[in-house]
Amino acid sequence: MKICILTSSYPSLKYHEGIFVEELVSYLAKYNNKIYVIAPCCKDEKAIVYQASESICVTKFEYPGYKSRKVDATKKNIPVISTLVFFFKMFFCAYKLIRKEKIELIHCYWIIPSGFIGVLLKIFL
């Protein structure tokens, strides 16, 4: 099965946020699933698409303010423009991937932003 995971945190070599997402991805990959993860970049990463393993592909995208993590649920004042760009980037990365790879299942971590984007993807696709 081809599965797309939308998440707002996924570990990199330097940063270990979202370890639980990586554990789920590894578990699903053991059962002959092809997993595609879409997540924002961590502080000093660049936008990148890479094969984490034979059955796991990770897409990281940049958005304004990602270096300082301005779009963060713990902050009181979330910048509107950074948040909107975050939503659009995740949506269009997922949209292109789902169409290209014929994704069968979308798994969204958190209601906002991923769950909302998942609902929009269902409507458009």
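Every read-out reported here was derived from the displayed coordinates using simple, explicitly stated rules and does not represent laboratory data. Because the structure is a prediction, the values reported are computed rather than measured. Positions of Cβ are generated from backbone atoms using ideal geometry, with glycine treated the same way; all protein chains shown enter the neighbour counts.
Farthest towards the positive end of the charge dipole of the chain, among the residues 20, 81, 48, is the Cα of 81, using unit charges on the Cβ of Lys, Arg, Asp and Glu. Relative to the longest principal axis of the Cα atoms of the chain, the long axis of helix 80-101 makes an angle of roughly 10 degrees. Note on residue 2: aspartates and glutamates with a C-alpha under 14 Å away, same-chain residues under 8 apart excluded, are 54, 101, 104.
Note on residue 31 and residue 122: with the Förster distance fixed at 30 Å, the Cβ-Cβ geometry gives a FRET efficiency of about 0.80.
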